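Contents: one structure, followed by commentary.
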Amino acid sequence: MNFDHAIVLETFSNRIEAEMAAGLLEAEGIEAVVRADDAGGAYPMLQFVRGVRLMVAQEDEARAKEILAAMAAGGDLVVEP
């Protein structure tokens with residue numbers, strides 16, 4: 001992913017939630033990156049304070065939001081590419 005055109009899609013309070021969302025997006029063909037300022041995992045409590053960012057390419061933003069919204073609603077995922 002070119003980080004020059006990446007956007008923060010959502011911020012989570014822990015890495016586990018962010019990684020699950022990233023996995024869902026990647027299963028749907030959207031490249032996603034999880035970034036956290038937690039000293040390389042040495043201070044995981046900073047994840048809660050600073051958040052864990054889920055990043056995607058700017059052009060994937062709308063579709064990625066639809067996918068995450070479907071996940072949050074607990075419904076079946078039916079998103080057209």
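Looking at Val49, Val78 in this structure, which one is surrounded by fewer than 17 Cβ atoms within 10 Å (Cβ to Cβ), part of a helix (DSSP H, G or I) and modelled with pLDDT under 90?
Only one candidate qualifies: Val49.
Kindly provide the set of residues from the stretch 22-36 that are touching a strand residue (DSSP E or B) at 6+ places or on another chain (Cβ under 8 Å), without any contact (Cβ under 8 Å) to a residue 40 or more places away in the chain, aliphatic (A, V, I, L, M) and outside any strand (DSSP E or B), ordered by number.
Ala22, Ile30
Return yes or no: is Ala70 at pLDDT 80 or above, within 13 Å of the chain's Cα centre (by Cα), over 19 Å from Asp4 (Cα atoms) and not polar (S, T, N, Q)?
Here the answer is no, as Ala70 does not meet what is asked.
Against the condition on the phi > 0 side of the Ramachandran plot and modelled with pLDDT under 95, how does Ala18 come out, does it pass?
Working: on the phi > 0 side of the Ramachandran plot: no; modelled with pLDDT under 95: yes.
Taking the combined requirement at face value, the residue does not satisfy it.
The values are calculated or read from the model by the stated rules, or taken from the named source; none is laboratory data. Please read all numbers here as calculations on a predicted model, not as lab measurements. Quick reminder, even Gly has a Cβ in these numbers, built from the backbone with ideal geometry, and neighbours come from all protein chains shown.
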